[in-house]
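**Q** Let me begin by handing over the structure; questions about it come next.
The values are calculated or read from the model by the stated rules, or taken from the named source; none is laboratory data. Not measured: the values here are computed from a predicted model. No Cβ is skipped: glycine too gets one built from the backbone with ideal geometry, and neighbour counts run over all protein chains shown. Keep in mind that these areas ignore ligands, DNA and RNA; they rest on the heavy atoms of the full protein, side chains included. Shrake-Rupley method; radii C 1.70, N 1.55, O 1.52, S 1.80 Å.
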Amino acid sequence: VQLQASGGGLVQAGGSLRLSCVASGTVVSMAWFRQAPGNQRDLVASITDGGIANYADSVKGRFTISRDGAKNTIFLHMDSLKPDDTAVYYCSGVRLGTRYWGRGTLVTVSS
């Protein structure tokens, strides 16, 4: 399974961005993780193939994950961005018990 993420960039605090990720094969659950310099990679949001979403406390109410199952694509709509959201965002998918990772996309939020 290959995952291709896109949509990162530079945005001012309070702004919005939308990330997209396409999986080359069928995956059960998909998620976004992020990693800031010097920090570990943390879960941001996940969504099952049934559409059940889960969010990190730090992004609840600001970020929305959605999924187009027919296209094996997920989106992360990010509103009210903060400088603390600055990180490399990674798309991930699980298939047959194996987690696959895409290359990250950088999100930079300026104050």
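**Q** Looking at this structure, is residue 41 in contact with a Phe, Trp or Tyr (Cβ under 6 Å, 6 or more places away or on another chain) and not polar (S, T, N, Q)?
**A** yes
**Q** I've got another one for you. Please determine, by comparing only the residues of the stretch 38-62 that are among the hydrophobic types (A, V, I, L, M, F, W, C) and assigned to a loop (DSSP other than H, G, I, E, B), which one is farthest from residue 13 (Cα to Cα).
**A** Across the stretch 38-62, the extreme among qualifying residues is 52.
**Q** If residue 44 satisfies every condition in (1) touching a helix residue (DSSP H, G or I) at 6+ places or on another chain (Cβ under 9 Å); (2) aliphatic (A, V, I, L, M); (3) more than 16 Å from residue 5 (Cα to Cα) but one, which is the exception?
**A** Only one criterion in (1) touching a helix residue (DSSP H, G or I) at 6+ places or on another chain (Cβ under 9 Å); (2) aliphatic (A, V, I, L, M); (3) more than 16 Å from residue 5 (Cα to Cα) is unmet by residue 44, namely (3).
**Q** Which numbered condition trips up residue 65, out of (1) exposed (fewer than 15 other Cβ atoms within 10 Å of the Cβ); (2) free of Cβ contacts under 8 Å to residues at least 40 places away in the same chain; (3) assigned to a strand (DSSP E or B); (4) of a type in the set (A, V, I, L, M)?
**A** (1)
**Q** Let me ask something else about it. Select from the stretch 87-111 the residues that are open to solvent by 50 Å² or more (accessible area, probe 1.4 Å), within 13 Å of residue 29 (Cα to Cα) and not aliphatic (A, V, I, L, M) and list them in ascending order.
**A** 95, 97, 98, 99, 100, 101
**Q** Also, quick follow-up: Which residue is farthest from the chain's Cα centre (by Cα), if the candidates are limited to the stretch 1-12 and must be surrounded by 14 or more Cβ atoms within 10 Å (Cβ to Cβ) and not in a strand (DSSP E or B)?
**A** Top of the filtered list is 1.
**Q** OK, next. Within the stretch 68-86, count every residue that is surrounded by fewer than 22 Cβ atoms within 10 Å (Cβ to Cβ), part of a strand (DSSP E or B) and either in contact (Cβ under 8 Å) with a residue 60 or more places away in the chain or not acidic (Asp, Glu) (or both).
**A** Number satisfying all stated conditions: 3.
**Q** Counting only residues that are within 11 Å of the chain's Cα centre (by Cα) and among the β-branched types (Val, Ile, Thr), which one in the stretch 74-111 is nearest to residue 52 (Cα to Cα)?
**A** Out of the qualifying residues, it is 74.
**Q** Out of curiosity, is residue 36 touching a residue at least 12 places away in the same chain (Cβ under 8 Å), open to solvent by less than 60 Å² (accessible area, probe 1.4 Å), of a type in the set (Gly, Ala, Ser) and farther than 20 Å from residue 111 by Cβ?
**A** Details: touching a residue at least 12 places away in the same chain (Cβ under 8 Å): yes; open to solvent by less than 60 Å² (accessible area, probe 1.4 Å): yes; of a type in the set (Gly, Ala, Ser): yes; farther than 20 Å from residue 111 by Cβ: no.
The answer is no for residue 36.
**Q** Condition check: at pLDDT below 95 and open to solvent by 60 Å² or more (accessible area, probe 1.4 Å). Does residue 26 satisfy that?
**A** Yes; evaluated as a whole, the condition is true for this residue.
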